[in-house]
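One structure is given here, and the rest of the page talks about it.
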Amino acid sequence: MSQRPFAKLALASAAIFILAAPAAEAGAIHDAGLFTTVLPANDDGSTASVGIGFSIDFYGSSLGSLFVNNNGNVTFSGPLSTFTPFGITGVSTPMLAPFFADVDTRAGNTVTYGTNVLGGKNVFGVNWIDVGYFSSHTDKLNSFQLIITDRSDVAAGDFDFEFNYDKIEWETGDASGGTGGLGGVSAAAGWTNGTGTYYEFPGSRANGAFLDGGPDALIASRLNSTVDGQYIFRVRNGAVVSVPEPATLVLLGLGLLGVTVTRRRAS
């Protein structure tokens, strides 16, 4: 591939204090076979607009379709080909990003997505299972997943979304300053409504942070779940809310406008 300029980094501020967590349990990713539509092998590609099978209310926007982007995220108002991660707040479209980095599926596994039923509820999911990094490297592989769950049983437009992680071995593509999948401008994770309300995971764009065994290893914490590596966000009346578990309550910074979430040590 020809040279590609680095994306300008947009810094986001969201202070957070977290309890340490032990090594991940198995099974953060739901059955990958639930989602079988293939995004053909590519670098920096996206799907056309695809329906999720139900409507969701995300901060006042009624959304029923999205774009699956190869580089570890989905967006709602247009595709995103950017490969070098920037701060999650620096996106002008609603975005859910379990692992925003330079995924390259021209070698190894491809991304799959689709609709299904899980736990009796309609879901839309995306699998990035054993995916490599730019440029066509498969010596290190990552496995992560996004699931959006219809919760219209609670109220019209309500939904949950979850980021699930089983393995994070690389953090950076060659064109983002990395060498052997490490260093350079590392991956970011989080979500934004595209107009200033967002959450960026601690460890985003910090070298080594998200990797298995890293200080903010994605497989080693949890949110609203009993499974390490699983982070469930609940959206009610259009806004992300917390349903606290018996744990230390965490207050995020201004980036989340006061929304609270919890994490806890394994029992």
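Would you check which residues across the stretch 76-129 are charged (D, E, K, R) and in a loop (DSSP other than H, G, I, E, B) and list them? D102, R106 - these are the residues of the stretch 76-129 that are charged (D, E, K, R) and in a loop (DSSP other than H, G, I, E, B). Under 9 Å by Cβ, and 6 or more places apart or on different chains, what pairs join a residue from the stretch 46-71 that is at positive phi with one that is in a strand (DSSP E or B) and loosely packed, with under 15 Cβ neighbours inside 10 Å? Short answer, once both residue conditions are applied: G53/G64.
Of all residues in the stretch 185-213, those that are surrounded by fewer than 23 Cβ atoms within 10 Å (Cβ to Cβ), farther than 22 Å from V74 by Cβ and touching a residue at least 40 places away in the same chain (Cβ under 8 Å) total 1.
Which residue is farthest from G114 (Cα to Cα), if the candidates are limited to the stretch 55-90 and must be surrounded by fewer than 20 Cβ atoms within 10 Å (Cβ to Cβ) and among the aromatic types (F, W, Y)? The residue in question is Y59.
T172 falls short on exactly one of the conditions (1) part of a strand (DSSP E or B); (2) polar (S, T, N, Q); (3) farther than 17 Å from G27 by Cα, and that condition is (1).
Residue-wise test of (1) in contact with a strand residue (DSSP E or B) (Cβ under 9 Å, 6 or more places away or on another chain); (2) assigned to a strand (DSSP E or B); (3) of a type outside the set (G, A, S).
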position: N142; (1), (2), (3): yes, yes, yes
position: S152; (1), (2), (3): yes, no, no
position: G157; (1), (2), (3): yes, no, no
position: Y165; (1), (2), (3): yes, yes, yes
position: V185; (1), (2), (3): no, no, yes
position: Y199; (1), (2), (3): yes, yes, yes
position: P202; (1), (2), (3): no, no, yes
position: N207; (1), (2), (3): yes, no, yes
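Surrounded by fewer than 24 Cβ atoms within 10 Å (Cβ to Cβ) and without any contact (Cβ under 8 Å) to a residue 12 or more places away in the chain - does that describe any residue in the stretch 120-131? Yes, that holds for at least one residue. Only one entry in A20, A24 is modelled with pLDDT under 90 and surrounded by 17 or more Cβ atoms within 10 Å (Cβ to Cβ), namely A24. With respect to (1) among the acidic types (D, E); (2) more than 25 Å from D228 (Cβ to Cβ); (3) surrounded by 18 or more Cβ atoms within 10 Å (Cβ to Cβ), the lone exception for D166 is condition (2).
Answer yes or no: is there a residue in the stretch 249-256 that is part of a loop (DSSP other than H, G, I, E, B) and at pLDDT below 50.
Yes, the stretch 249-256 has at least one match.
The values are calculated or read from the model by the stated rules, or taken from the named source; none is laboratory data. Since we're looking at a predicted model, the values are computed, not measured. Note that each Cβ is placed from the backbone with ideal geometry, even for glycine, and that neighbours are counted across all protein chains shown.
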